[in-house]
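K.L.:
Handing you a structure now.
The values are calculated or read from the model by the stated rules, or taken from the named source; none is laboratory data. Owing to the predicted nature of the structure, the values given are computational and were not obtained by experimental measurement. All Cβ positions, even for glycine, are placed from backbone atoms using ideal geometry, and neighbour counts span all protein chains on display.
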Amino acid sequence: KLNKKYIFYTFGRQCSSVLGGLSSVRFRSSCPVHISHLDHLVLTVQDLNKSTHFYSKVLGMEVVTFKGDRKALSFGEQKLNLHQAGKEFEPKAKTPTPGSADRCLITKTPLTTVAAHLKVTYIVRVPLMGPIRSLYFRDPDDNLIEVSNYQQ
């Protein structure tokens with residue numbers, strides 16, 4: 001029986017590469033399912049107008065209307081679907097809550113330009129794909145947003 005809260009598989013894995021030291025180890029799973037990419041993520045928000053304004057004006061995302069009057073934010077080949085709190089679409093999270101998401105968005109725009117636009121400062125850290133320089137700020141629902149550049 002698997003612990004549903006924390007599922008850690010240690011069997012059937014082989015180390016396939018090491019990036020940036022021991023803290024960044026990638027493992028190849030023996031699982032037959034291999035996810036290729038993320039199609040969309042759903043954000044529950046208090047106010048659709050505030051959220052679409054923030055993401056389009058501050059981060060340059062395109063506001064998309066689909067399936068009647070549903071809203072989404074498009075950027076690159078990704079999409080953030082928006083659900084208004086109390087008016088979520090099925091299927092939905094068990095307890096959809098505004099302000100419960102953290103995400104990292106990658107940009108090719110120099111972070112000095114982004115920082116000047118947002119009036120914030122950035123920090124450097126080393127995640128899975130190597131050194132990254134990041135800005136952290138919050139959206140109208142207090143979700144944490146990280147905008148980053150990979151360092152060469």
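K.L.:
Has region 50-60 got any residue that is part of a strand (DSSP E or B) and either surrounded by 18 or more Cβ atoms within 10 Å (Cβ to Cβ) or of a type in the set (Asp, Glu) (or both)?
P.N.:
no
K.L.:
The conditions are (1) touching a helix residue (DSSP H, G or I) at 6+ places or on another chain (Cβ under 8 Å); (2) farther than 26 Å from Thr113 by Cα; (3) modelled with pLDDT under 95, and Val45 fails exactly one of them. Which is it?
P.N.:
(3)
K.L.:
Let me ask something else about it. Report, by residue number, each residue of region 71-106 that is among the hydrophobic types (A, V, I, L, M, F, W, C) and in a strand (DSSP E or B).
P.N.:
Ala72, Leu73, Phe75, Leu80, Leu82, Cys104, Leu105, Ile106
The rows are residues; the columns are (1) charged (D, E, K, R); (2) at pLDDT 95 or above.
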position	(1), (2)
Thr52	no, yes
Leu73	no, yes
Lys94	yes, no
Ala101	no, no
Asp139	yes, no
Asn143	no, no
Glu146	yes, no
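K.L.:
Then there is this: Are there any pairs with C-beta distances below 6 angstrom linking a residue in region 42-64 that is farther than 15 Å from Ser74 by Cα to a residue that is part of a loop (DSSP other than H, G, I, E, B) and of a type in the set (A, V, I, L, M), with the two at least 6 apart or on different chains, and if so which?
P.N.:
Thr44/Ala85; Gln46/Ala85
K.L.:
Of the residues Ala115, Ala101, Ala72, Ala93, only one is among the small types (Gly, Ala, Ser) and over 18 Å from the mean Cα position of the chain (by Cα); which?
P.N.:
One residue alone meets the criteria, Ala115.
K.L.:
From the set of residues in region 80-99 that are more than 14 Å from Ser51 (Cα to Cα) and in contact (Cβ under 8 Å) with a residue 24 or more places away in the chain, which is surrounded by the most Cβ atoms within 10 Å (Cβ to Cβ)?
P.N.:
Result: Pro96.
K.L.:
Continuing with the same structure: Restricting the search to region 100-120, which residues are within 15 Å of Tyr55 (Cβ to Cβ) and without any contact (Cβ under 8 Å) to a residue 40 or more places away in the chain?
P.N.:
Val114, the sole residue that qualifies.
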